[in-house]
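Written below as structure tokens is the structure these notes are about.
The values are calculated or read from the model by the stated rules, or taken from the named source; none is laboratory data. Treat the numbers as computed from the prediction; the structure is a model and nothing was measured. Note that we place each Cβ from the backbone using ideal geometry, even for glycine, and neighbour counts take in every protein chain shown. Heavy atoms of the whole protein, side chains included, go into the accessibility calculation; ligands, DNA and RNA do not. Shrake-Rupley method; radii C 1.70, N 1.55, O 1.52, S 1.80 Å.
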Amino acid sequence: MRDRTRMRSLSFRSDNRKSKIQNRKLVGIVALAVAFAMCGAVAQAQQPKKVPRLGYLSNLDSARESTRVEAIRRALRELGYIEGQNIAIEYRYAEGKRDRLPELAAELVRLRVDIIVALGGDPLILAAKNATKTIPIIMVGAGIDPVKAGFVESLARPGGNVTGITNPSGELGGKRLELLKEAVPKVARVAVLYDPANPPNVLDVKEVLPAAARALGLTVRSWEIRAADDFERVFAALKKERPDGLYVPGGLLMLANQKRLVGFALKSQLPSAYNRREDVEAGGLMYYGADRADSYRRVGYYVDKILQGAKPADVPVEQPTKFELVINLKAANQSGATVPEKVLTRADKVIK
């Protein structure tokens, strides 16, 4: 009996010893697993987070682009994206040369940027779209309907790699003529300078302006400007024609020759209307159109949305909701025009 009891006691001690050894092994394994997990977490934490890169593609040069660049940087900062810290931007400027756009867009694609922000009209957006079918493109700027242009399938569901803010400014041509007539009631014959290679210009000249001119009792004559060399020839013809108003629907060619256009209008005492606020700030009489500063602020929203994982195909295209009227009284005085008070009170900004 004693032997049996002793044997049971020895067996219990042996089992207890084995259990302790197994427990120690289990604790060791758990500790080792925790150590590996901590090392992995530390290593992951030590790896630098990938900094997203934006490609910034513009029609302009860096000097004239500075206001727009700063507005977009400010919008990004408000969302926590600070250039040089947690976001990088690759800038490419066409400097008014349309033929440079495809190569500049291709450069950004080769750099493997995460997003291309295309700031300009249809040729610029088309250059970006032709360069890549996968990199998200945020379009910003004036142009024709992006659905008609083939950039997106619809405004609500873009369907491809392009989304952003569209500003079909050509549709405002009639309103600009109307305001020019209100600001300078004596205007009866308006010269329109346009680039036939620019689709929104052609839409303006062929459809929008003729209908508006008939309703306003105005005579409109359009003059083609195909290259920088054409300006002096057209200016000489206008001196003989002697119109009493000038309308410039915009486009890259007009933009690159802004000083010549504004200078000619002032020298010829021609009240002038434009599709860019900057032209009025440079000496033109009047601008009516989208508040583009508001559009530039929206770029930050699109960048953030896409970097957070949204697909451009699913992010709706926006149209401007804020419009502004800007009048330059200096230009009015130089043109010998007196702008009625009722028009001035409607202006969002009057340059004196």
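Out of all the residues in the stretch 71-87, which are in a strand (DSSP E or B) and either open to solvent by 30 Å² or more (accessible area, probe 1.4 Å) or at pLDDT below 95 (or both)?
Restricting attention to the stretch 71-87, the residues satisfying the condition of being in a strand (DSSP E or B) are 83, 87.
Across the stretch 71-87, the qualifying residue is only E83.
Only residues that are farther than 18 Å from L177 by Cβ and assigned to a helix (DSSP H, G or I) were counted across the stretch 242-271, and they come to 12. Just one of the listed residues (V339, V343) is open to solvent by less than 30 Å² (accessible area, probe 1.4 Å), part of a helix (DSSP H, G or I) and in contact (Cβ under 8 Å) with a residue 60 or more places away in the chain, and it is V343. Checking K175, K186, K148, K133 one by one, the residue that is free of Cβ contacts under 8 Å to residues at least 24 places away in the same chain, of a type in the set (K, R) and out of contact with any helix residue (DSSP H, G or I) (no Cβ under 6 Å at 6 or more places or on another chain) is K148 and no other. Inspect the stretch 325-336 for any residue being aliphatic (A, V, I, L, M) and assigned to a loop (DSSP other than H, G, I, E, B) and give the result as yes or no. No; the residues of the stretch 325-336 include none that is aliphatic (A, V, I, L, M) and assigned to a loop (DSSP other than H, G, I, E, B).
Would a scan of the stretch 272-284 turn up a residue that is small (G, A, S) and part of a helix (DSSP H, G or I)?
Within the stretch 272-284, the subset small (G, A, S) is 272-273, 282-284.
Applying the additional criterion that residues be part of a helix (DSSP H, G or I) yields none.
Checking the stretch 272-284: not a single residue is small (G, A, S) and part of a helix (DSSP H, G or I).
Of all residues in the stretch 105-143, those satisfying the criterion of being of a type in the set (A, V, I, L, M), surrounded by 22 or more Cβ atoms within 10 Å (Cβ to Cβ) and either under 19 Å from P249 (Cα atoms) or over 15 Å from the mean Cα position of the chain (by Cα) (or both) are L108, V113, L119, L124, I125, A131, V140, A142.
Just so you know, in the stretch 311-336 the residues that are without any contact (Cβ under 8 Å) to a residue 60 or more places away in the chain and open to solvent by less than 30 Å² (accessible area, probe 1.4 Å) include one that is nearest to G159 (Cα to Cα), and it is E324. Within the stretch 189-209, restricting attention to residues that are open to solvent by 40 Å² or more (accessible area, probe 1.4 Å) and in contact with a strand residue (DSSP E or B) (Cβ under 8 Å, 6 or more places away or on another chain), which residue is nearest to L238 (Cα to Cα)? Looking at the filtered set, the residue picked out is R189.
Among the listed residues L253, L238, L285, identify the single one that is closer than 23 Å to E324 by Cα and hydrophobic (A, V, I, L, M, F, W, C).
Numbers: L253 fails: closer than 23 Å to E324 by Cα; L238 fails: closer than 23 Å to E324 by Cα.
Selected residue: L285, the only one of L253, L238, L285 that is closer than 23 Å to E324 by Cα and hydrophobic (A, V, I, L, M, F, W, C).
Restricting the stretch 210-239 to residues that are open to solvent by less than 80 Å² (accessible area, probe 1.4 Å) and charged (D, E, K, R), the residue that is nearest to E171 (Cα to Cα) is E224.
The rows are residues; the columns are (1) surrounded by fewer than 24 Cβ atoms within 10 Å (Cβ to Cβ); (2) without any contact (Cβ under 8 Å) to a residue 40 or more places away in the chain; (3) polar (S, T, N, Q); (4) more than 21 Å from E95 (Cα to Cα).
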residue	(1), (2), (3), (4)
D244	yes, no, no, yes
L252	yes, no, no, no
L255	yes, no, no, no
F264	yes, yes, no, yes
S268	yes, yes, yes, yes
S272	no, no, yes, yes
R277	yes, no, no, no
G283	yes, no, no, yes
G289	yes, no, no, yes
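Considering every residue within the stretch 232-244, establish whether at least one is modelled with pLDDT of 95 or more and small (G, A, S). Looking through the stretch 232-244, at least one residue is modelled with pLDDT of 95 or more and small (G, A, S).
Restricting attention to helices (runs of 4 or more DSSP H) lying wholly within the stretch 159-239, give those where 2 or more residues are within 27 Å of D294 (Cα to Cα). Talk me through it step by step, then tell me what you get.
Numbers: elements: 173-183, 199-203, 209-216.
Of the helices (runs of 4 or more DSSP H) lying wholly inside the stretch 159-239, those with at least 2 residues that are within 27 Å of D294 (Cα to Cα) span 173-183, 199-203.
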